Amino acid sequence: MRSTPRLLEAKPTEGYVVHVRFEDGTEADVDLGYLAYLDGVFEPFSDPAYFRRLCIYPDGQTIFWPNEADIAPETLYAHARHRAAAAA
């Protein structure tokens, strides 16, 4: 059973902001800039061009990058819900 709604769209906009849209209608611009300051698998994110190479897993679970770094689905969804509520 899926714990978060399916991710339908994820498009980088400017900087480290990603526009996301979920199957339950939640839609928001999420700032993931904090990832650029992390080490390990997130280290390549210090290059905004690399960050923009994000993709959606085929099952719509979450976003990932070529080095297999990803964001926990519930974290991405929580960011989106928070931003959507703030914009309302």
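Summary table below
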read-out: Portion, in percent, of the accessible area of the chain that falls on carbon or sulfur, probe 1.4 Å; value: 51
read-out: GluC sites (Glu not before Pro) within the chain: DSSP coil, no more than 10 neighbouring Cβ in 10 Å; value: Glu14, Glu68
read-out: Glu14 versus Phe64: modelled label distance in nm, points set 7 Å from Cα along the beta carbon direction; value: 3.1
read-out: C-alpha long axis of helix 73-87 to longest principal axis of the chain, angle in °; value: 70
read-out: Point-charge dipole on Cβ atoms (K/R +1, D/E -1) for the chain, about Cα centre, debye to 20; value: 200
read-out: Helix-derived mean residue ellipticity, 222 nm - over the chain, DSSP H n ≥ 4, -39500 (n - 2.57), to 500; value: -6000 deg cm²/dmol
read-out: Sites Asp31 and Arg6 - FRET efficiency at Förster radius 25 Å, r taken between beta-carbons, to 0.05; value: 0.70
read-out: Average accessible surface area per residue within the chain, 1.4 Å rolling probe, Å²; value: 59
read-out: The chain, relative contact order [Cα under 8 Å, separation at least 6], %; value: 27
read-out: Label-point separation in nm, Arg21 to Glu74, each point 7 Å along Cα→Cβ; value: 2.7
read-out: Listed values [x] 50, 31, 22; [y] 39, 26, 17; [z] 31, 29, 18, entry calculated as Cα extents along the principal axes in Å; value: [z]
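The values are calculated or read from the model by the stated rules, or taken from the named source; none is laboratory data. This is a predicted model, so every value here is computed, not measured. No Cβ is skipped: glycine too gets one built from the backbone with ideal geometry, and neighbour counts run over all protein chains shown. Accessible surface is based on the protein model in full, side chains and every heavy atom, while ligands, DNA and RNA are left aside. Shrake-Rupley method; radii C 1.70, N 1.55, O 1.52, S 1.80 Å.
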